[in-house]
Amino acid sequence: MITMDSRETVPVDAKGPFLQGPAAATPGPGKAIASLVLALLAPLSLVITQSLAAFALLLTFPYNGPSKLPWVAPLVLWSLPMILGSISTGLAITVIRDAKQQGFAKGMATASLCVSGVVFVIGLLLSIGLMLMMH
């Protein structure tokens, strides 16, 4: 046993001091916080990619006849929000699956899934609008 001060002792095995504590036993809400932050960043990235998608729409706009590349503008629109939303959704599902009971982390993960759903619907409507402009 190693004595840290006169009141605390830490058991020692062959590898060195062995520390146990409540921090090792309970995981924190880190994944839930990351999921919510990524879900909130997705609409902001949608604003950025919307202007880039409009530029892509101008570059692929047909002057005569239907467009040969109607998928470019929606692809540019969905690029960054889809990545952020997919990561956010995966983290939220992991948190909800691992949570034993209702708590702070599970509530944040549920909010993250709600935000991701709203971003999905908004992005879907915008991409349908872009594809209708191409015809």
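The values are calculated or read from the model by the stated rules, or taken from the named source; none is laboratory data. Note that this is a predicted model, so its numbers are computed, not measured. Counting neighbours? That spans all protein chains shown, and the Cβs are built from the backbone with ideal geometry, glycine included.
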Checklist entry - Within the stretch 55-80, can you find the residues that are without any contact (Cβ under 8 Å) to a residue 40 or more places away in the chain and assigned to a helix (DSSP H, G or I)? => result PHE55, ALA56, LEU58, LEU59, VAL72, LEU75, VAL76, SER79, LEU80
Item to check | Sole residue being surrounded by fewer than 13 Cβ atoms within 10 Å (Cβ to Cβ), within 21 Å of CYS114 (Cα to Cα) and at pLDDT below 90, chosen from GLY65, GLY30, GLY16, GLY21 | outcome: GLY30
Item to check | Every residue from the stretch 100-135 that is modelled with pLDDT under 80 and not in a helix (DSSP H, G or I) | outcome: LYS100, GLN101, GLN102, MET134, HIS135
Checklist entry - Of THR89, THR94, which residue is modelled with pLDDT of 90 or more, crowded, with 17+ Cβ neighbours inside 10 Å and not in a loop (DSSP other than H, G, I, E, B)? => result THR89
